1. Quick one: in segment 25-82, of everything that is among the aliphatic types (A, V, I, L, M) and assigned to a helix (DSSP H, G or I), which residue is surrounded by the fewest Cβ atoms within 10 Å (Cβ to Cβ)?
2. Could you say whether any residue in segment 98-112 is loosely packed, with under 12 Cβ neighbours inside 10 Å, in contact with a Gly (Cβ under 9 Å, 6 or more places away or on another chain) and within 13 Å of Asp75 (Cβ to Cβ)?
3. In this structure, is Ser8 hydroxyl-bearing (Ser, Thr, Tyr), over 17 Å from Glu94 (Cβ atoms) and at pLDDT 95 or above?
4. If you take the residues of segment 6-24 that are of a type in the set (A, V, I, L, M) and open to solvent by 40 Å² or more (accessible area, probe 1.4 Å), which of them is farthest from Ala117 (Cα to Cα)?
5. Between a first residue in segment 48-77 that is acidic (Asp, Glu) and a second residue that is crowded, with 22+ Cβ neighbours inside 10 Å, which pairs have beta carbons less than 7 Å apart while being 6 or more apart in sequence or on different chains?
6. Looking at this structure, is Ala90 surrounded by 15 or more Cβ atoms within 10 Å (Cβ to Cβ) and among the small types (Gly, Ala, Ser)?
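The values are calculated or read from the model by the stated rules, or taken from the named source; none is laboratory data. Predicted model only: the values in this text are computed from it and were never measured. Cβ placement follows ideal geometry from the backbone for every residue including glycine, while neighbour counts extend to all protein chains displayed. Accessible surface is based on the protein model in full, side chains and every heavy atom, while ligands, DNA and RNA are left aside. Shrake-Rupley method; radii C 1.70, N 1.55, O 1.52, S 1.80 Å.
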Amino acid sequence: MPRREIVSEALAPPNGHYCHATVAEGGGRLVFISGMTARRRDGSIAGLGDVRAQTRQVCENLKTAVEAAGGSLGDVYRVDVYVRSLADLAAVQEVRREYFSESLPASTLVEVSGLVAPEYLIEMNAIAVVEA
């Protein structure tokens with residue numbers, strides 16, 4: 001799916017691994033990916049106490065979900081990230097760069113006081129546009 005990243009000179013430069021906006025240049029199907037946590041397929045939690053390991057599992061889960069819809073991580077246009085501590089930001093961004101290296105999605109990142117289980121350190125949801 002052709003896409004275009006928007007980084008406007010009229011705005012402050014992005015201070016993380018994202019762009020100001022993304023534009024889907026052709027037709028496609030919108031895929032809304034629910035919040036993904038560090039749950040493995042068997043229901044266990046990856047990386048207890050390790051935000052890098054949890055972020056990696058979350059990204060793998062996003063990848064699996066978008067692939068099940070017929071796309072790839074390159075088709076992700078928006079990612080919302082919820083972290084338990086902003087002190088983990090550098091580690092989260094480091095792992096995100098491994099998964100979102102070509103076309104950057106628009107993104108929001110917020111610190112939250114808790115997630116669905118106290119063991120979770122991060123959760124992400126996404127919107128993708130995949131070819132029809």
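1. Taking segment 25-82 first, the residues among the aliphatic types (A, V, I, L, M) are 30-31, 33, 36, 38, 45-46, 48, 51, 53, 58, 62, 65-66, 68-69, 73, 76, 79, 81.
Subsequent filtering for residues that are assigned to a helix (DSSP H, G or I) retains 51, 53, 58, 62, 65-66, 68, 73.
On the way: Val51: 23, Ala53: 17, Val58: 29, Leu62: 23, Ala65: 18, Val66: 21, Ala68: 10, Leu73: 19.
Among them, the one singled out is Ala68.
2. yes
3. no
4. As a first pass, look at segment 6-24 and keep what is of a type in the set (A, V, I, L, M): 6-7, 10-12, 21, 23-24.
After this cut, where a residue has to be open to solvent by 40 Å² or more (accessible area, probe 1.4 Å) as well, the list is 6-7, 10-12, 23-24.
Details: Ile6: 35, Val7: 36, Ala10: 40, Leu11: 37, Ala12: 35, Val23: 35, Ala24: 35 Å.
By that ranking, first place goes to Ala10.
5. Asp75/Ala128; Asp75/Val129
6. No; evaluated as a whole, the condition is false for this residue.
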